[in-house]
1. Output the residues belonging to segment 1-43 that are in contact with a helix residue (DSSP H, G or I) (Cβ under 7 Å, 6 or more places away or on another chain) and part of a helix (DSSP H, G or I).
2. Failed condition for Lys168, given (1) in contact with a Lys or Arg (Cβ under 9 Å, 6 or more places away or on another chain); (2) not in a helix (DSSP H, G or I), with all others met?
3. Restricting to segment 156-188, and then to whatever is more than 8 Å from ligand 1 (Cβ to nearest atom) and within 16 Å of the chain's Cα centre (by Cα), can you tell me which residue is nearest to Gly39 (Cα to Cα)?
4. Among Ala96, Ala74, which is surrounded by fewer than 19 Cβ atoms within 10 Å (Cβ to Cβ), more than 16 Å from ligand 1 (Cβ to nearest atom) and closer than 19 Å to Asp330 by Cβ?
5. If I go through segment 41-55 residue by residue, how many of them are within 15 Å of ligand 1 (Cβ to nearest atom) and buried (at least 18 other Cβ atoms within 10 Å of the Cβ)?
6. Could you say whether any residue in segment 247-256 is part of a helix (DSSP H, G or I), within 16 Å of ligand 2 (Cβ to nearest atom) and closer than 14 Å to Leu141 by Cα?
7. Restricting the search to segment 150-179, which residues are away from ligand 3 (no atom under 13 Å from the Cβ) and either in contact with a Leu (Cβ under 9 Å, 6 or more places away or on another chain) or without any contact (Cβ under 8 Å) to a residue 12 or more places away in the chain (or both)?
8. Just checking, does segment 178-199 include any residue being at positive phi and modelled with pLDDT of 95 or more?
Amino acid sequence: PLVLGIESSCDETGVGIVRGTEILAHAVASSVEEHVRFGGVVPEVASRAHLEAMVPTLEQAYRQAGLDVRDVDAIAVTCGPGLTGALLVGVAAAKALALAHDKPLYGVNHLAAHVAVDQLEHGRFGERVIALLVSGGHTELLLVDDIATDITMLGSTIDDAAGEAFDKVARLLGLPYPGGPEIDRAARDGDPTAVAFPRGLTTGRDLERYRWDFSFSGLKSAVSRHVQHEQRMGRPVPVADIAASFQDAVCDVLSKKAIAACVAHEVPRLVLGGGVAANGRLRQYVLERAEAAGIEVRIPPPSLCTDNGAMVAALGAELVARGVSPSALDLPVDSGMPVAQIVAA
Ligand code: ATP
Ligand code: MG
Ligand code: FE
């Protein structure tokens, strides 16, 4: 099926067009520059930026694909989770297009779309997979029995999301927002063994009780204490070493638990999704450890890991192909939509 996908849950306005698992258009406008001076996404600023970017981004996607909304079989749009005001812009645009051109409309889950997008790079999953979803607002281990109909959350972060930890630690180190790519870059010149930062929920009773869960707030506090200590001692903060050591702690835990989940559930296939899946150290750890455990790994290219419309179209195409009923034309946005709810009623 030919599907148009619209994304506006955070600070990227994305429009993608796919034919099955083939990308025909992948247009993204980001308002990240407007948030830099605030050190994080400002919801009202993001909403207004979506309003301004929506039509130009749609037109850019039409030009890339050489077709427009009249040609597609369905329209998919992110309806949650995300910032309510931001989501409303994409959903309003999608509803207008669906109504005007009499197309079926699917309100889809942003997190499921972060997982589904890998199919555009590596083909359909075919079998059940374990997914590690690591983004700015979420960190979840998922058992994906069927990307169109059946996702179970095994565990999630009990405090900060992985991307949030990257962004907060970057700020502590004086690096600009968004911090993930900055830390990834700074860490290349650092020693990952320079500081032994804590690896939350990985040992003893914590591991027993929180086997598939994550915690990054203790790690963030440890980095903060370390930075303050260096400053009190009158020493320059060793940014590269701290970045590398912090990144190593996050990626060590993420990769270990993801591989352990594959082994425990006897699912030798792991998919990564979300902005943090662009991280070089995480990719390296996951690939090394999966190979040692005989697990096949699928990681989308960085440009598909961060928010975009093609991922929404990818999930929409799967829903159409599987005969899932479209959503109602008055579908609501849901800022806290759980990942198990793949499509809005
Ligand atoms: P969510 O999907 O949970 O609603 P989001 O859409 O804001 O949140 P994404 O766009 O998937 O999240 O990812 C953005 C996050 O990814 C940011 O926290 C950013 O710092 C992080 N990130 C991007 N590139 C990298 C990288 N190379 N290394 C680590 N983190 C990264
Ligand atoms: Mg973003
Ligand atoms: Fe996202």
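The values are calculated or read from the model by the stated rules, or taken from the named source; none is laboratory data. Just so it is clear, the model here is predicted, and its values are computed rather than measured. Quick reminder, even Gly has a Cβ in these numbers, built from the backbone with ideal geometry, and neighbours come from all protein chains shown.
1. Correct list: Glu34, His35, Pro43.
2. Just one mismatch for Lys168, condition (2).
3. Top of the filtered list is Ala165.
4. Going through Ala96, Ala74 in turn, the sole match is Ala96.
5. Matching residues across segment 41-55 total 5.
6. No, segment 247-256 has no match at all.
7. Across segment 150-179, the qualifying residues are Asp150, Ile151, Thr152, Met153, Leu154, Gly155, Ser156, Ile158, Asp160, Ala165, Val169, Gly179.
8. Looking through segment 178-199, none of the residues is at positive phi and modelled with pLDDT of 95 or more.
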